[in-house]
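Take a look at the structure below.
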Protein chains: 2
Amino acid sequence: MALTYREYPEPGEEATLTGLRERKKQRTRDALVVAAHELFVTQGYETTTVDQIAEAVDVSQRTFFRYFANKEEVALFVQDMVERFYYEAVCARPAGEAPLECLRNTLDDIWDDVGAAVEEITPIDLHLKMCQVIEMTPALLAARLRHSLLLEEKLVQEMARRTGVDADKDPRPRVLVAAFTGVTLTASRQWSMRNDASLAMAREVTRDYLAQLGPALCADWTRQS
Amino acid sequence: MALTYREYPEPGEEATLTGLRERKKQRTRDALVVAAHELFVTQGYETTTVDQIAEAVDVSQRTFFRYFANKEEVALFVQDMVERFYYEAVCARPAGEAPLECLRNTLDDIWDDVGAAVEEITPIDLHLKMCQVIEMTPALLAARLRHSLLLEEKLVQEMARRTGVDADKDPRPRVLVAAFTGVTLTASRQWSMRNDASLAMAREVTRDYLAQLGPALCADWTRQS
DNA sequence: AGGATAATGACAGCGACTGACAATTGACAA
DNA sequence: TTGTCAATTGTCAGTCGCTGTCATTATCCT
């Protein structure tokens with residue numbers, strides 16, 4: 001069970017589109033993603049078989065499994081792309097920012113670019129509906145949380161690097177990132193369960209939730225925040 | 001895919017040990033748990049088949065699936081028991097405490113009782129090794145995170161109830177619980193990866209991590225905390 | 001003791017996934 | 001252009017997780 005996606009920009013390896021072969025592979029993979037998402041959204045994840053997905057793109061089931069290690073992977077493909085996107089945006093931040101600011105500001109900044117990146121693979125509407133399917137489907141939700149944990153570890157390393165602390169001695173990088181991603185996940189979960197979900201809405205909800213991090217830890221909730 | 005365990009104390013339904021039938025079922029179930037955990041610990045989760053577990057307890061594979069909805073469930077059985085244990089301890093707390101204090105103090109208080117509760121089913125050593133297997137095995141880690149999310153939602157409701165706020169309007173209960181469980185999960189993860197893991201150690205690591213919640217959110221990490 | 005009820009075993013079947021091998025297709029040099 | 005090599009794909013067989021069904025066995029209750 002690969003934890004990273006094969007076929008995708010390894011660090012240092014450009015996504016070379018040269019050659020008919022490469023282009024054909026990209027097209028097949030994207031077609032599989034879109035076809036799978038459409039099936040998942042219309043008839044549900046569990047009730048969709050891999051054979052159906054393969055048939056929709058007219059490849060063999062075996063070929064499907066050469067592109068995606070398992071059925072979950074094709075379902076989480078776009079979300080994972082967004083996560084990689086976020087991580088790289090964090091790494092590209094100026095050095096001056098405080099850790100929490102860095103994580104939060106990055107999130108606030110990338111939404112438009114995320115939308116563009118998603119559109120290159122699948123219609124945004126489909127992606128939004130797919131987000132709901134992920135939240136609704138236990139197996140997908142579980143896989144999503146595990147993927148988030150992988151991102152978390154990478155963010156921990158980056159925060160430690162930025163601040164010059166040792167993540168193995170000082171718990172603060174882990175604590176910060178854990179709290180941050182915990183709140184972010186909850187926000188995205190609450191967001192996707194709304195029926196008026198949109199990218200703009202995601203930005204707002206996430207911002208609101210993160211703004212409550214300080215007040216929520218406070219002892220006294222009697223005053224309205 | 002059941003999200004709760006069948007056969008187990010539903011609210012209001014006592015775990016009646018009356019009757020030979022009930023006792024026999026409990027024994028079979030516990031035997032399955034112990035046999036499964038021993039196999040998982042010695043030869044790994046993925047490489048252990050359900051047939052092997054069933055054979056070790058001398059029941060049919062079909063019977064195994066009458067006790068556990070899937071292979072994951074038997075692996076997470078004890079951890080889930082601990083989570084239920086924690087939740088009920090939270091609900092039994094005095095009303096005066098502030099939300100974060102309540103969650104933290106409960107955690108600090110229950111470790112001994114948790115140990116006793118675990119011992120009733122499986123040797124603690126086995127459970128500790130099983131915790132490591134869970135962290136190491138992608139499928140189990142994913143399932144564990146999803147189960148934690150279920151607990152999270154229950155804790156949100158309880159925190160909202162205690163403080164008299166509406167969890168659908170006020171984001172603070174969700175934000176607090178998300179940050180708290182995020183940090184707690186990270187702590188338990190770091191703990192279980194140590195090779196000197198013990199229950200006492202778990203208490204310490206978790207306490208340390210939670211104590212860093214405030215400082216970690218702080219802008220300035222230049223001073224050693 | 002005996003009938004109702006619950007637990008189990010045996011079996012057949014589906015879907016996810018994998019290894020192996022043969023067939024096809026694009027890349028590249030002669 | 002053509003022939004060779006390597007990458008991609010399809011086919012097939014097989015394992016494992018999991019489920020429905022039905023006959024069999026074991027407990028419960030009067």
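The values are calculated or read from the model by the stated rules, or taken from the named source; none is laboratory data. If you're wondering where the values come from, they're calculated on a predicted model, not measured in any experiment. Here Cβ is always computed from backbone atoms with ideal geometry, including for glycine, and neighbour counts include all displayed protein chains.
One table, with the values for the structure above:
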item: Residue that is modelled with the lowest pLDDT [pool: residues in the range A:6-35 that are within 11 Å of DNA strand C (Cβ to nearest atom) and surrounded by 10 or more Cβ atoms within 10 Å (Cβ to Cβ)]; result: A:Glu22
item: Selection within the range B:90-122 - closer than 14 Å to B:Thr184 by Cβ and touching a helix residue (DSSP H, G or I) at 6+ places or on another chain (Cβ under 8 Å); result: B:Val90, B:Leu100, B:Cys102, B:Leu103, B:Arg104, B:Thr106, B:Leu107, B:Asp108, B:Ile110, B:Trp111, B:Val114
item: Odd one out for B:Pro94 among (1) within 11 Å of DNA strand C (Cβ to nearest atom); (2) outside any helix (DSSP H, G or I); result: (1)
item: Residue check for A:Arg84: surrounded by 18 or more Cβ atoms within 10 Å (Cβ to Cβ) and assigned to a helix (DSSP H, G or I); result: no
item: Residue list for the range A:40-53, filter: buried (at least 20 other Cβ atoms within 10 Å of the Cβ) and in a helix (DSSP H, G or I); result: A:Phe40, A:Ile53
item: The one condition in (1) surrounded by 19 or more Cβ atoms within 10 Å (Cβ to Cβ); (2) more than 8 Å from DNA strand D (Cβ to nearest atom); (3) within 14 Å of another protein chain (Cβ to nearest Cβ); (4) not basic (Lys, Arg) that B:Phe77 fails to fulfil; result: (3)
item: Residue ranges of helices (runs of 4 or more DSSP H) in the range A:139-225 with at least 3 members within 11 Å of chain B (Cβ to nearest Cβ) and small (Gly, Ala, Ser); result: A:172-193
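This table checks each residue for (1) touching a helix residue (DSSP H, G or I) at 6+ places or on another chain (Cβ under 8 Å); (2) within 13 Å of DNA strand C (Cβ to nearest atom); (3) modelled with pLDDT under 95.
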residue: B:His37; (1), (2), (3): yes, no, no
residue: B:Val41; (1), (2), (3): yes, no, no
residue: B:Thr48; (1), (2), (3): yes, no, no
residue: B:Glu55; (1), (2), (3): no, yes, no
residue: B:Thr63; (1), (2), (3): yes, yes, no
residue: B:Phe77; (1), (2), (3): yes, no, no
